[in-house]
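Trainee: Can you keep this structure in mind? I'll have questions shortly.
The values are calculated or read from the model by the stated rules, or taken from the named source; none is laboratory data. Being a predicted model, the structure only gives us computed values, none of them experimental. Counting neighbours? That spans all protein chains shown, and the Cβs are built from the backbone with ideal geometry, glycine included. Heads up: the accessible areas ignore ligands, DNA and RNA and are worked out on the full protein's heavy atoms, side chains in. Shrake-Rupley method; radii C 1.70, N 1.55, O 1.52, S 1.80 Å.
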Amino acid sequence: DAIPSADQIRITTSLKSQRGSVWTKNKSVFEHWEVEVTFRVTGRGRIGADGLAIWFTEEQGLEGPVFGAADQWNGVGIFFDSFDNDGKKNNPGVIVVGNNGKLLYDHQNDGSTQALASCQRDFRNKPYPVRVKITYYQKTLTVLINNGFTPDKEDYEFCAKVEDMVLPSQGYFGISAATGGLADDHDVLSFLTFQLTEPGKAVPTPDAEIPQKDKEKYQEEFEHFQQELDKKKEEFQKEHPDVQGQPGKTTCAFSLSADGLFETVSDRELRQIFEGQNRIHLEIKQLNRQLDMILDEQRRYVSAVTDEIAKRGAGFPGQQGQVSQQEIEKVVKTQEEVIRQVNEIRNSMADTLRLVSGAQHPGSPAGVYETTQHFNDIKEHLHVVKRDIEHLVQRNMPSGEKLKCPELPPFPSCLSTMHFFIFLAVQTVLLIGYIMYRSQQEAAAKKFF
């Protein structure tokens with residue numbers, strides 16, 4: 001049921017009980033390889049079915065029950081499963097399943113009993129095409145995915161990894177899809193295959209891969225297909241002179257004017273919403289990465305301080321050694337408390353990232369209120385961290401005289417913890433003010449629509 005066109009291949013249309021697939025004609029002889037696939041899965045329903053699969057198998061796949069391809073394959077399949085068969089609410093998801101040609105795929109459990117690795121990702125009805133990068137290098141299969149929320153083509157997230165995986169030395173690449181009682185449009189925009197070579201090894205020339213006769217044959221087939229496609233387009237235009245635009249394309253949610261040059265009001269509003277959401281998404285991801293870096297630096301600092309105090313405490317006998325042990329415990333407890341608070345901040349930022357990513361209408365008053373409330377919670381967490389640190393410092397100080405800390409080796413000049421939290425609080429307040437200002441501007445602009 002696959003329908004090819006000049007810019008994409010519709011593996012299955014949004015009709016019930018459809019199956020389609022596309023396979024390479026020649027076997028891949030790459031020992032190590034990488035594929036980048038760009039696709040769209042769109043449907044009118046809240047949930048869809050059945051899903052899409054990317055294959056690397058020893059033989060070309062035939063039509064069958066496993067996402068449109070045959071069962072008992074020898075190789076690996078990466079399944080993008082849309083429908084929740086087992087009722088565990090873990091779909092849409094990505095599942096990696098290997099097979100030696102003897103196993104039957106467990107549809108009723110969504111392959112959970114056979115999955116080598118998996119991750120839960122929603123790939124349906126995204127504003128941008130979803131991108132997947134699959135790498136097989138030194139018996140390790142890695143799956144990265146771009147969730148389709150941003151136009152950045154390199155914004156990949158880790159999904160799954162399978163080590164010690166043995167695949168056929170030569171095989172066919174393919175992609176298939178299927179629908180059931182529910183239906184989605186499964187469109188593939190690109191399927192790029194790359195050969196990976198180990199450092200120091202010579203890269204074979206491209207001309208050595210495909211014989212000249214095969215190249216000429218494929219070129220003739222392509223030209224013949226292009227001519228047939230042009231003929232069908234002309235026949236369609238003659239039979240349907242009242243239809244505007246190119247034939248064979250379904251109507252999208254973003255309707256354009258007859259000449260396709262001007263945006264409608266709804267198009268402009270949706271585009272502004274998505275652009276604002278993408279900017280917030282990227283900013284919070286960057287802040288989350290900075291918090292991870294700070295946490296790593298804090299752990300290294302704790303390790304260095306603990307080692308230095310232990311060395312200095314070992315040089316003093318008797319009472320002085322006991323005091324050094326107490327100092328070690330106090331410093332370690334204080335630093336553990338700081339690490340715990342930073343972990344809470346990181347978790348809060350991760351929740352905010354998920355909230356922004358899943359928001360459908362960030363410009364609405366409810367979305368603005370939730371986002372503002374979440375940043376207020378972050379600000380409150382920062383105040384709690386500051387208060388706890390001051391309390392720990394006061395509690396650890398002796399009542400009589402001030403405890404003199406052992407001299408430490410000179411550390412590189414860096415920002416103190418107190419100044420960091422003050423800076424982070426000011427930055428959070430500015431971010432909240434900026435978001436509220438943008439929300440007011442968008443609300444004011446919508447009044448004119």
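Trainee: Please go through the residue pairs LYS16/LYS233; LYS126/LYS161; LYS133/LYS231; LYS16/LYS139 and name each one whose alpha carbons sit more than 28 Å apart in this structure.
Mentor: Those over the limit are LYS133/LYS231; LYS16/LYS139.
Trainee: With all protein chains present, calculate the accessible area of LYS232 using a 1.4 Å probe and round the result to the nearest 10 Å².
Mentor: We get 130 Å² for LYS232.
Trainee: Hey, another quick one. Need one value: the accessible area of MET293 in square angstrom, 1.4 angstrom probe, rounded to the nearest 10.
Mentor: Surface open to solvent at MET293 totals about 120 Å².
Trainee: Given 0.36 nm per residue, what is the gain on full extension from ALA304 to ALA444 after removing their alpha carbon distance, in nm?
Mentor: 45.0 nm
Trainee: Let me ask something else about it. Given the Cα-Cα distance of LYS89 and ASP292 and 0.36 nm per residue of separation, how much length would full extension add, in nm?
Mentor: Computed gain between LYS89 and ASP292 is 70.1 nm.
Trainee: Could you give the dipole magnitude of region 3-200 about its Cα centre, charging the beta-carbon of Lys and Arg +1 and that of Asp and Glu -1, in debye to the nearest 20?
Mentor: Once rounded to the nearest 20, the dipole reads 460 debye.
Trainee: Okay, next question. Of GLN120, ILE175, GLN18, which is farthest towards the positive pole of region 3-200's charge dipole, taken about the Cα centre with +1 and -1 on the beta-carbons of Lys, Arg and Asp, Glu respectively?
Mentor: GLN18
Trainee: Which sequence of ILE389, ILE345, ILE294 reflects their accessible areas, 1.4 Å probe, from the largest down?
Mentor: Solvent-accessible surface, decreasing: ILE294, ILE389, ILE345.
Trainee: Show which aspartates and glutamates lie in cross-link reach of LYS379 when reach means a straight Cα distance below 16 angstrom and same-chain residues fewer than eight apart are skipped.
Mentor: Within the straight-line cut-off, LYS379 pairs with GLU344, ASP351, GLU370, ASP388.
Trainee: Multiply the residue separation of HIS391 and GLN138 by 0.36 nm, subtract the distance between their alpha-carbon atoms, and state the gained length in nm to one decimal.
Mentor: Roughly 85.8 nm would be gained on extension.
Trainee: Follow-up. How high is the relative contact order of region 3-200, in percent, with contacts defined as C-alpha pairs under 8 Å that are six or more residues apart?
Mentor: RCO, region 3-200: 39 percent.
Trainee: Determine how large the accessible area of TRP23 is when every protein chain is in place; take a 1.4 Å probe and give Å² rounded to the nearest 10.
Mentor: The accessible area comes out at roughly 50 Å².
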